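Encoded as structure tokens, the structure appears first; notes follow it.
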Amino acid sequence: MTIYRHFYVKSHAITTPKINLKDLPGSAGRMDVLARCINSAFWLSYGIRKNVIFHTILHGEPNPPVYIRIEGERLRKMAPDERNIAIFIKKALERMREDKEIESTPGVFVCKKSFKELLEENKDKDFYLLTEGGKNIKEVNIGNKPFFFLGDYKDLEEKEKELLYKYKATPISLGKKSYLSSHCITIINWFLDEME
Ligand SMILES: C[S@@+](CC[C@H](N)C(=O)[O-])C[C@H]1O[C@@H](n2cnc3c(N)ncnc32)[C@H](O)[C@@H]1O
């Protein structure tokens, strides 16, 4: 049985396809952080992790929230560098429909969706909130439908954390140091690889 690894990163990136690919950290609302998280979620030296599903909601102006999901099993043609990943986000924003989810490029899905809707749709999964003050991951029995939630360069807001706890999320920690979100994803992938 394949155990799928779900990751959610809250993003403050912009929600217009008018992205300056030369300014991902600035005018694109830290889209560089999001691109690095996607890189960490999927890439191995010689391939893509097919058992990863990456979720994000873009919260930047002018049209939030925009939900994007990337599925490793269907993902094609994306290269691991930040600029190329951003091109696929740009295509998703260009092709997005207001009324229904579409697959903008192979393995990349886009639609309008709130955080609450995302949690409700995935409530069959085992939710884990990544937070420095949580229980050490080494002491947690990770379930077989794991779904990890992280902030980007900013933490999740209190109301989002409260909502996660209503959905019985477990707060887990990778240690007392505060790591970059993309590094957290690499650590989790490594940790789960070791457990397999
Ligand atoms: C760069 S940190 C957030 C930045 C910082 N906390 C702030 O808002 O100023 C990005 C995310 O990584 C996760 N994170 C970082 N270090 C962690 C740790 N030691 N254990 C668990 N999660 C961690 C948290 O989910 C956090 O929201």
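Just a few scattered comments:
- One residue alone among ASP99, ASP81 is under 24 Å from ARG30 (Cα atoms) and out of contact with any strand residue (DSSP E or B) (no Cβ under 8 Å at 6 or more places or on another chain), and that residue is ASP81.
- Residue count, the stretch 140-154 (criterion: without any contact (Cβ under 8 Å) to a residue 60 or more places away in the chain and touching a helix residue (DSSP H, G or I) at 6+ places or on another chain (Cβ under 8 Å)): 1
- Listed by position, the strands (runs of 3 or more DSSP E) inside the stretch 95-196 whose residues that are under 15 Å from the mean Cα position of the chain (by Cα) and more than 16 Å from the ligand (Cβ to nearest atom) number at least 3 are 108-112.
- The strands (runs of 3 or more DSSP E) located wholly in the stretch 1-83 that include 2 or more residues which are of a type in the set (Ser, Thr, Tyr) and in contact with a helix residue (DSSP H, G or I) (Cβ under 8 Å, 6 or more places away or on another chain) occupy 5-11.
- Across the stretch 142-159, not a single residue is classified as open to solvent by less than 60 Å² (accessible area, probe 1.4 Å) and among the polar types (S, T, N, Q).
- Applying the set (1) of a type outside the set (Asp, Glu); (2) buried (at least 18 other Cβ atoms within 10 Å of the Cβ); (3) under 30 Å from TYR165 (Cα atoms); (4) more than 16 Å from the ligand (Cβ to nearest atom) to PHE88 leaves exactly one unmet item: (3).
- Flag for LEU163 being touching a helix residue (DSSP H, G or I) at 6+ places or on another chain (Cβ under 6 Å), at pLDDT 95 or above and closer than 15 Å to LYS10 by Cβ: no
The values are calculated or read from the model by the stated rules, or taken from the named source; none is laboratory data. Just so we're clear, the structure is a prediction, and the values are computed from it rather than from any experiment. Using ideal geometry, Cβ is built from the backbone for each residue, glycine included, and neighbour counts are taken over all protein chains shown. We work out accessible area using only protein heavy atoms, side chains counted, and drop any ligands, DNA or RNA first. Shrake-Rupley method; radii C 1.70, N 1.55, O 1.52, S 1.80 Å.
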